[in-house]
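Working notes for the structure below.
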Amino acid sequence: MHYIICYDIAQTRRRTRLATLLEAIGTRANKSVFEAKLTAKELELFIAKAKAIIEPKTDSVLIYPLCFDCMIKSLSLGQKGVFEVKDSFV
């Protein structure tokens, strides 16, 4: 499944740690927005690691699943989008 993962982290150190974690599993689409293709297990592992990094009272991480139909309908203005639709469905 493809995901859009974005964050708002108050402290620079935590923000850097989370960005590093996301760079290992996905591609940066914007400053605090990443796109990633993850299995259920990979998503579960990311969530556990992210929970260990963030401060729930001041930080937020949002994870949006993106189905194939939504992916092919997505638009990118300006620079090229990150997701490449390689899978084909009949």
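Would you confirm, using the coordinates I've provided, whether Leu43 is in contact with a strand residue (DSSP E or B) (Cβ under 6 Å, 6 or more places away or on another chain), touching a residue at least 12 places away in the same chain (Cβ under 8 Å) and not in a strand (DSSP E or B)? So Leu43 fails the test. There is no residue in segment 59-66 that is assigned to a helix (DSSP H, G or I) and under 10 Å from the mean Cα position of the chain (by Cα).
Being modelled with pLDDT of 95 or more and open to solvent by 80 Å² or more (accessible area, probe 1.4 Å) is a property that holds for Ala24. Pairing each residue of segment 56-74 that is open to solvent by 70 Å² or more (accessible area, probe 1.4 Å) with any residue that is aliphatic (A, V, I, L, M) and not in a strand (DSSP E or B), provided the two are 6+ apart or on different chains, yields C-beta distances under 7 Å for Thr58/Ala10; Pro65/Met1; Ile72/Val85.
Here Ile53 fulfils each of the conditions (1) without any contact (Cβ under 8 Å) to a residue 60 or more places away in the chain; (2) open to solvent by 50 Å² or more (accessible area, probe 1.4 Å) apart from (2). Considering each residue of segment 28-38 in turn, none proves to be more than 12 Å from Ile4 (Cα to Cα), open to solvent by less than 60 Å² (accessible area, probe 1.4 Å) and not aliphatic (A, V, I, L, M). Tallying residues that are touching a residue at least 40 places away in the same chain (Cβ under 8 Å) and part of a helix (DSSP H, G or I) within segment 5-40 yields 2.
The values are calculated or read from the model by the stated rules, or taken from the named source; none is laboratory data. Remember, it's a predicted structure, so these values are computed and weren't measured experimentally. For neighbour counting, all protein chains shown are included, and Cβ atoms are generated from backbone atoms with ideal geometry for every residue, glycine included. Surface accessibility is based on the protein's heavy atoms, side chains included, excluding ligands, DNA and RNA. Shrake-Rupley method; radii C 1.70, N 1.55, O 1.52, S 1.80 Å.
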